[in-house]
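The next block holds one structure in the form of structure tokens; read it before the comments.
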């Protein structure tokens, strides 16, 4: 098992900010992962770092990042099985090549599969777990397979506890042609063309029950609002970008300002998608 010390949070997260992670464990098989999960009292699982911001301090909380052995994808009778460390781009590419339809709506979502599963990433209409039949998870008591039908998952919520680590997922997909799947993927990507480039964590807020967070932020006149090096994107209001060496504190303060202004204007309490990790 690889162990890294004094890791810069900026090097392992898409927002490129934060302090130093004291120790990152990178297990290469289920046995090593089980040993870690059973031993550590508290830990954070880091995937592609696209939805995580570490505080501006030394993070003493252990961080687990799955190794390359968990980055795989293979066909099955009903679709495919993929490891939690697999980049989402590779998952979509595999589905295109093999003519497997059902996850095209995930096109353009960054990061790794495990993080997408944990938070049930997707669109307002569908989440990735809608296409999954079962998950393999590792928890202190051992390894088990969980049927998604038995999970209490929903919008941006996968129903997996903080003490469990997802290692793989089995997808139920429909047979199609590579050309048809590719067209559907390109269609999904076209709907995300208004997303800004540069350092960000993707959508900062969950959509409220009746409306879109980005629309409310835009209507409140908050595009371009800045705190330090963090700015509300002028392209898509539900994105905060790090364009001037922002700190995690800059981003957190800007999030609070946005929430306050939207609450004052519309009476809506926005909830974050992004997760802040402290000591």
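The values are calculated or read from the model by the stated rules, or taken from the named source; none is laboratory data. Remember, it's a predicted structure, so these values are computed and weren't measured experimentally. Don't worry about glycine lacking a Cβ; one is built from the backbone with ideal geometry, like all the others, and counts go over all protein chains shown.
Enumerate the pairs (first residue in the range 230-257 and under 15 Å from residue 275 (Cα atoms); second residue anywhere and modelled with pLDDT under 95 and in a loop (DSSP other than H, G, I, E, B)) with beta-carbon separation below 6 Å, excluding pairs fewer than 6 apart on the same chain, so at least 6 apart or on different chains.
So the pair list comes out as 239/196.
Among residues belonging to the range 244-258 that are over 21 Å from the mean Cα position of the chain (by Cα) and assigned to a loop (DSSP other than H, G, I, E, B), point out the one that is surrounded by the fewest Cβ atoms within 10 Å (Cβ to Cβ).
Per the stated criteria, the residue is 244.
With respect to the numbered conditions (1) at negative phi; (2) touching a strand residue (DSSP E or B) at 6+ places or on another chain (Cβ under 6 Å), which one is the sole condition not fulfilled by residue 198?
Result: residue 198 fails condition (1) only.
Restricting attention to the range 120-136, which residues are surrounded by fewer than 24 Cβ atoms within 10 Å (Cβ to Cβ), more than 14 Å from residue 102 (Cβ to Cβ) and modelled with pLDDT of 95 or more?
120, 134, 136, listed by residue number.
Condition first: over 22 Å from the mean Cα position of the chain (by Cα) and part of a loop (DSSP other than H, G, I, E, B). Now tell me which residues in the range 205-220 satisfy that.
Residues satisfying the conditions are 210, 220.
Output the residues belonging to the range 51-79 that are farther than 18 Å from residue 24 by Cβ and either in contact with a strand residue (DSSP E or B) (Cβ under 9 Å, 6 or more places away or on another chain) or part of a strand (DSSP E or B) (or both).
Selection gives 72, 73, 74, 75, 76, 78, 79.
Among the residues of the range 172-195, which ones are surrounded by 15 or more Cβ atoms within 10 Å (Cβ to Cβ) and under 18 Å from the mean Cα position of the chain (by Cα)?
Scanning the range 172-195 gives 188, 195.
Only one of (1) assigned to a loop (DSSP other than H, G, I, E, B); (2) surrounded by fewer than 22 Cβ atoms within 10 Å (Cβ to Cβ); (3) within 20 Å of the chain's Cα centre (by Cα) is not met by residue 47, so which one is it?
(2)
Given the conditions (1) modelled with pLDDT under 95; (2) assigned to a helix (DSSP H, G or I), and given that residue 116 satisfies all but one, which numbered condition is not satisfied?
(1)
Could you give me the residue pairs with C-beta distances under 7 Å whose first residue belongs to the range 80-91 and is free of Cβ contacts under 8 Å to residues at least 24 places away in the same chain, whose second residue is surrounded by 17 or more Cβ atoms within 10 Å (Cβ to Cβ) and part of a strand (DSSP E or B) wherever it lies, and which are 6+ apart or on separate chains?
Qualifying pairs under 7 Å: 90/73; 91/73; 91/82.
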